[in-house]
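Beneath this line is the structure, given in structure tokens, with notes to follow.
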């Protein structure tokens, strides 16, 4: 199976949000629940200025590809500034958070080595 998508191709998909992560919204690009893919789940997220993907962890590894903005990555209490062009690797079960402390929207892709994002259990 081979297919091509971009953010405009999922424009009819509603943004997903939750009160647990204020100012954060996301869409799915590659995910078995949406397109029959397997082995990887890829999504696109935005964090509004002041928004916070609060401290959490999950068993699969994860990668962030930062495409716009800047923020603070919390790695179990160790803080690091991230910005457009950065790629972040997060090992399985590593506590992490991402806060937008900038003036523009922090945008990034996430990648999980799993068929479905719905299989990833976020724990605090």
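Does segment 102-117 hold any residues that are surrounded by fewer than 15 Cβ atoms within 10 Å (Cβ to Cβ) and either under 16 Å from residue 51 (Cα atoms) or modelled with pLDDT under 95 (or both), and which are they?
Within segment 102-117, 103, 104 qualify.
Regarding residue 38, is this residue touching a residue at least 12 places away in the same chain (Cβ under 8 Å), in a loop (DSSP other than H, G, I, E, B) and touching a helix residue (DSSP H, G or I) at 6+ places or on another chain (Cβ under 9 Å)?
Here the answer is yes, as residue 38 does meet what is asked.
Inspect segment 40-48 for any residue being touching a strand residue (DSSP E or B) at 6+ places or on another chain (Cβ under 9 Å) and under 15 Å from residue 97 (Cβ atoms) and give the result as yes or no.
Yes, segment 40-48 contains at least one residue that is touching a strand residue (DSSP E or B) at 6+ places or on another chain (Cβ under 9 Å) and under 15 Å from residue 97 (Cβ atoms).
What is the one condition in (1) buried (at least 16 other Cβ atoms within 10 Å of the Cβ); (2) under 19 Å from residue 101 (Cα atoms) that residue 75 does not satisfy?
(1)
Condition test on residue 94, is it crowded, with 16+ Cβ neighbours inside 10 Å and at pLDDT 95 or above?
No; evaluated as a whole, the condition is false for this residue.
Hey, could you check segment 32-64 for residues that are at pLDDT 90 or above and at positive phi and say which is surrounded by the most Cβ atoms within 10 Å (Cβ to Cβ)?
That would be 50.
From (1) modelled with pLDDT of 95 or more; (2) surrounded by fewer than 19 Cβ atoms within 10 Å (Cβ to Cβ); (3) within 21 Å of residue 123 (Cα to Cα), pick out the condition that doesn't hold for residue 68.
Going through (1) modelled with pLDDT of 95 or more; (2) surrounded by fewer than 19 Cβ atoms within 10 Å (Cβ to Cβ); (3) within 21 Å of residue 123 (Cα to Cα) one by one, residue 68 breaks only (3).
The values are calculated or read from the model by the stated rules, or taken from the named source; none is laboratory data. It should be emphasised that the depicted structure is a prediction, and the values quoted were computed from it without experimental measurement. Cβ coordinates were reconstructed from backbone atoms using ideal geometry, including for glycine residues, and neighbour counts include every protein chain displayed.
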